[in-house]
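Participant: Please see the structure below; I have some questions.
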Amino acid sequence: MNTVFELRMLTRTLARWLYPGWCAVCKRLLHLTEDHLCRACFIKLARIRLPICRGCGVEIPPHTEKISRCNACRGKAITFDEIFAVFRYDDNFKQVLHQIKYERKYWLLETFKKKIKRTFQNQWPELPSFIVPVPLDKFRMKERTFNQSLIIAETISKILDIPIKKDILLRREHRSPQSWLTRRERLANLENLFQVRKRMKLKNCWVLVVDDVVTTGATVQECSKMLKEAGASKVSVFALARTPSLS
């Protein structure tokens, strides 16, 4: 066996013996090879399978790879060029995300690194110019002390080796959380909420917008709209999870 591997396992065993790990969901004692979530809880997180609709990220039937949009998205005015996510935003995923966002357990995002990496492997023959995380307003940033979308963006940046530009998109003010609102209210709530920082050069740039969860898609639509108006030639959207339906 590789000596370096043996030393790593020995160190890990000692650390786990001194500081036992517990599953963030079921609170079971973690196995040596598990991190933050036990295997039983991790496999309950439903993955989104290819092929998917580029307009909403929903799974479409197999052998329809040449169809870029599902029936619901055809004819819709969508400001981004494509969208994709890793997990379905169901009750199991909500448990984990709630701890990340509201209990400040942002280190739980480490659990998803491998899945994120697999999502981007062989995704594009060329790479986006840079990554733009969906910004938080100053009030929510002060409350949480971190932007979960930025942490996800940093993971992707390391995988793809492309830069993050976190100051391109600005959130003008604090408004009601989107999760409290209906679809119509969300659209109104987002109107003129984002702006692109002045003198930012986006002409002919391909931008990858990153968010934690996509529900109605209204937030990433508005972000993409602003980026396109500022000169971006293409906008792709990535989210860690999406709801079963964007309608």
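Participant: Scan the range 185-208 and give yes if some residue there is assigned by TED's automatic domain parsing to the domain that holds residue 92, in contact with a Ser or Thr (Cβ under 6 Å, 6 or more places away or on another chain), modelled with pLDDT of 90 or more and not in a loop (DSSP other than H, G, I, E, B), otherwise no.
Facilitator: yes
Participant: What do you reckon, is residue 214 aliphatic (A, V, I, L, M), under 26 Å from residue 47 (Cα atoms), out of contact with any Lys or Arg (no Cβ under 6 Å at 6 or more places or on another chain) and in the same structural domain as residue 151 (by TED's automatic domain parsing)?
Facilitator: Considered against the rule, which asks whether it is aliphatic (A, V, I, L, M), under 26 Å from residue 47 (Cα atoms), out of contact with any Lys or Arg (no Cβ under 6 Å at 6 or more places or on another chain) and in the same structural domain as residue 151 (by TED's automatic domain parsing), residue 214 comes out as no.
Participant: Which residue pairs have Cβ atoms closer than 8 Å, lie 6 or more positions apart in sequence or on different chains, and pair a first residue in the range 100-116 that is within 20 Å of residue 145 (Cβ to Cβ) with a second residue that is surrounded by fewer than 16 Cβ atoms within 10 Å (Cβ to Cβ) and of a type in the set (Phe, Trp, Tyr)?
Facilitator: Taking only residues 6 or more apart or on different chains, the pairs are 104/146; 106/146.
Participant: Can you tell me how many residues in the range 213-238 are under 22 Å from residue 91 (Cα atoms) and modelled with pLDDT under 95?
Facilitator: Summing the residues that are under 22 Å from residue 91 (Cα atoms) and modelled with pLDDT under 95 in the range 213-238 gives 7.
Participant: Identify, please: which residue in the range 72-93 is part of a loop (DSSP other than H, G, I, E, B) and charged (D, E, K, R) and is, among those, farthest from residue 235 (Cα to Cα)?
Facilitator: Only one residue fits best here, namely 90.
Participant: Next question. Identify, from the list 69, 171, the residue that is touching a Gly at 6+ places or on another chain (Cβ under 8 Å), over 30 Å from residue 35 (Cβ atoms), surrounded by 12 or more Cβ atoms within 10 Å (Cβ to Cβ) and at pLDDT 85 or above.
Facilitator: From the options 69, 171, the qualifying one is 69.
Conditions (1) basic (Lys, Arg); (2) surrounded by fewer than 18 Cβ atoms within 10 Å (Cβ to Cβ); (3) outside the structural domain of residue 154 (by TED's automatic domain parsing), marked per residue:
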{"site": "54", "(1), (2), (3)": "yes, no, no"}
{"site": "87", "(1), (2), (3)": "no, no, no"}
{"site": "95", "(1), (2), (3)": "no, yes, no"}
{"site": "99", "(1), (2), (3)": "no, yes, no"}
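Participant: Look through 118, 74 and report the one residue that is under 18 Å from the mean Cα position of the chain (by Cα) and over 30 Å from residue 201 (Cα atoms).
Facilitator: 118
The values are calculated or read from the model by the stated rules, or taken from the named source; none is laboratory data. What you see is a predicted model; the values in this text were computed from it and never measured. Note that we place each Cβ from the backbone using ideal geometry, even for glycine, and neighbour counts take in every protein chain shown.
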